[in-house]
1. How about the stretch 1-16: which of its residues are at pLDDT 90 or above and assigned to a loop (DSSP other than H, G, I, E, B)?
2. Provide a single number: the residues in the stretch 8-54 that are in contact with a His (Cβ under 8 Å, 6 or more places away or on another chain) and under 22 Å from HIS69 (Cα atoms).
3. Give me the helices (runs of 4 or more DSSP H) completely within the stretch 28-141, filtered to those with at least 1 residues that are at pLDDT below 90, ordered by residue number.
4. Kindly indicate which of ALA22, ALA26 is aliphatic (A, V, I, L, M) and out of contact with any helix residue (DSSP H, G or I) (no Cβ under 6 Å at 6 or more places or on another chain).
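The values are calculated or read from the model by the stated rules, or taken from the named source; none is laboratory data. As the structure is a prediction and not an experimental result, all values here were calculated from the model. Cβ atoms come from the backbone with ideal geometry, glycine included; neighbour counts cover every protein chain shown.
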Amino acid sequence: MNAEAVLAQLKGVRCSGDGWIARCPAHDDRNPSLSICERNRKILLYCHAGCAVEAVCDAMGIKVSQLFHTPRDSRNVEPHIVVYARQQIAGLRSRLTPTEREGAATVVLAARKNPEPAIARALALAVEGELVQVALREGDA
C-alpha cells in the first residue's frame, strides 16, 4: 500500500510540510489531527488527539502491516553469527569422510531469540574435535 491509497480513505486531506494532515477516522474529528507521511518505504500515521495507530488502521479497514512496503515476515533475517556458523559448519562437514559424517554428534540446543551462546559452545566443542549439531529449541518464539 502506498501513501496515496491511505490518503484516498481519509477526509479533509491537505498538504502539511513534507506530508499531509487529515481528519482522524478513529474518533469524531472536526479539525485535522492525523499526520501522514511516507519515509523509508513506510507510511507513518500519528494522531495528535492520541488515537493508537491500530485504531486508525481499524477505522480505515486496513492492517498495520499494510503500512510497510516490505511485510514484516519477509524481513525475518537470521543474526550474522548464525549465518557465519552455518557457513563454517558446512565447510567442516565437507571435509569429513563418509564414516565421520555418520558418527554420533553432540547436539547443542539454542534459543531462537538468543542463539549466540549455544553457537559459541558448539564452535568450542568443534575446535576440540567433536562433531556438533546446533538445534533450535521447540516452542521458543
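1. Across the stretch 1-16, the qualifying residues are GLN9, LEU10.
2. 5
3. 80-94, 98-102, 116-127
4. Only one candidate passes the filter, namely ALA22.
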